[in-house]
Amino acid sequence: MKNLLLGSVALLLSIQSSALAVSQRLSSQTVCQEGKPECLELVIQEMERRYEPLEAQRDRDGIFALSYLRTTEKLQQLFDTVGFENPASIIREDALFADYYFEAYDNYHLGTGNVPTAWQIAFDAAENQSVSGTGNLVLGTSAHILRDLPFVLYELDQKGTPISLTDHNLFNEVLLQVDVLGELAQKFDPTIDDDDLPGTSDDLERFQVVALWRELTWRNYEKLRDAPNDASLAQVAAEIEGLSAATATSLFEQFKNPTPPISVPEPSSTLFLLFIGTYGAVLHIKKTRRNQL
């Protein structure tokens with residue numbers, strides 16, 4: 001717990017002094033800071049740049065990356081029809097949220113910094129292909145929502161550009177319109193859409209999990225925002241890290257690939273006959289020696 005608290009303190013300090021690295025963030029771009037729609041195009045372009053080599057290599061990291069890209073494209077498509085109270089705040093959130101994912105991805109794959117445990121589990125699973133394609137999708141989704149989003153909301157609040165609960169909930173309308181399972185099955189793992197039934201009832205059931213995660217995320221953000229002192233703030237941060245890590249561990253166990261059975265290759269007939277002949281000769285020699293004694 002001590003190490004987790006220290007790590008959480010370091011995280012909060014990095015959030016509060018993020019100006020040191022802000023020049024490298026999408027959210028630092030003027031159009032994103034001002035919450036202009038052009039920012040969404042910048043985010044999509046960066047996601048496409050990062051996703052394309054993953055698709056070419058059939059890299060399992062591409063499963064979450066493609067889902068995230070299609071979600072952002074859907075936000076851009078529906079942006080004017082959802083009815084957000086403060087559209088600019090959603091755009092600022094979108095850019096900063098993407099920055100958190102990019103930072104975790106780069107830190108893991110380039111070894112350039114700390115990687116939250118939930119993301120470590122997700123990236124390890126993709127690299128080792130140790131879970132199903134569905135597992136890759138849910139591990140990335142849970143890490144981004146349960147781990148990243150509370151800190152994103154807190155950082156926006158600290159900058160004086162908070163997200164309203166109304167807009168947070170309205171974003172669910174965008175998520176409900178994202179349908180990427182068929183494309184993921186075609187490009188990465190044909191089993192991803194095995195449980196996808198005709199109609200929308202099963203889609204709504206799956207979305208309830210995401211909606212629950214987002215509700216929990218909002219409550220954790222409120223705990224960060226309302227923490228009375230630094231010690232309480234660090235404790236809440238540690239709880240967020242612990243919850244997201246525990247969820248990732250549970251999901252990994254649920255979706256991990258079964259251990260492949262040990263298979264012994266069939267011997268060629270020549271080698272097999274040679275083995276049997278040699279073994280028979282050895283037995284014959286031993287029997288002859290016993291008789292001589």
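The values are calculated or read from the model by the stated rules, or taken from the named source; none is laboratory data. Remember, it's a predicted structure, so these values are computed and weren't measured experimentally. Reconstructed Cβ throughout: ideal geometry from the backbone, glycine too, with neighbour counts over all protein chains shown. All accessible areas refer to the heavy atoms of the entire protein, side chains included, with ligands and DNA or RNA removed. Shrake-Rupley method; radii C 1.70, N 1.55, O 1.52, S 1.80 Å.
Suppose the filter is over 23 Å from LYS159 (Cβ atoms), over 16 Å from the mean Cα position of the chain (by Cα) and either among the hydrophobic types (A, V, I, L, M, F, W, C) or open to solvent by less than 20 Å² (accessible area, probe 1.4 Å) (or both); does ALA56 pass it?
yes
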note = Considering residues that are more than 13 Å from the chain's Cα centre (by Cα) and either of a type in the set (Lys, Arg) or surrounded by 20 or more Cβ atoms within 10 Å (Cβ to Cβ) (or both), the number found within segment 95-110 is 3
Residue in segment 63-78 that is in a loop (DSSP other than H, G, I, E, B) and open to solvent by 40 Å² or more (accessible area, probe 1.4 Å) present = no
ask   = List the pairs whose first member sits in segment 133-162 and is in contact (Cβ under 8 Å) with a residue 24 or more places away in the chain and under 16 Å from GLY242 (Cβ atoms), whose second member is open to solvent by 10 Å² or more (accessible area, probe 1.4 Å) and among the polar types (S, T, N, Q), and whose Cβ atoms are under 8 Å apart, counting only residues at least 6 apart or on separate chains?
value = SER142/THR247; LEU146/THR247; PRO150/ASN220
query = Is at least one residue of segment 145-166 more than 20 Å from LEU212 (Cα to Cα), assigned to a loop (DSSP other than H, G, I, E, B), modelled with pLDDT of 95 or more and within 17 Å of the chain's Cα centre (by Cα)?
reply = no
query = Which condition number in (1) closer than 25 Å to ASP179 by Cα; (2) buried (at least 17 other Cβ atoms within 10 Å of the Cβ) is the one that GLN129 fails?
reply = (2)
ask   = Just checking, which of GLY83, GLY113 is of a type outside the set (S, T, N, Q), modelled with pLDDT under 95 and open to solvent by 20 Å² or more (accessible area, probe 1.4 Å)?
value = GLY113
inquiry  = Would you confirm, using the coordinates I've provided, whether ASP124 is over 23 Å from VAL178 (Cα atoms), among the acidic types (Asp, Glu) and crowded, with 16+ Cβ neighbours inside 10 Å?
reply    = yes
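Of all residues in segment 47-62 being touching a residue at least 60 places away in the same chain (Cβ under 8 Å) and either β-branched (Val, Ile, Thr) or in a helix (DSSP H, G or I) (or both), which is farthest from TRP119 (Cα to Cα)? Outline the logic, then answer.
Let us first name the residues in segment 47-62 that are touching a residue at least 60 places away in the same chain (Cβ under 8 Å), namely 55, 58-62.
From what is left, the residues that are either β-branched (Val, Ile, Thr) or in a helix (DSSP H, G or I) (or both) are 55, 61-62.
Details: GLU55: 20, ASP61: 11, GLY62: 14 Å.
By that ranking, first place goes to GLU55.
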task = Inspect all residues belonging to segment 225-242 and state whether any of them is in contact with a helix residue (DSSP H, G or I) (Cβ under 9 Å, 6 or more places away or on another chain) and not in a helix (DSSP H, G or I).
result = yes
inquiry  = Criterion first (touching a Gly at 6+ places or on another chain (Cβ under 7 Å), buried (at least 18 other Cβ atoms within 10 Å of the Cβ) and part of a helix (DSSP H, G or I)) does LEU170 satisfy it?
reply    = no
request  = Please enumerate the residues belonging to segment 105-133 that are of a type in the set (Val, Ile, Thr), out of contact with any Leu (no Cβ under 7 Å at 6 or more places or on another chain) and in a helix (DSSP H, G or I).
outcome  = THR117
task = May I ask you to say which residue of ALA231, ALA248, ALA238 is at pLDDT 95 or above and surrounded by fewer than 13 Cβ atoms within 10 Å (Cβ to Cβ)?
result = ALA231
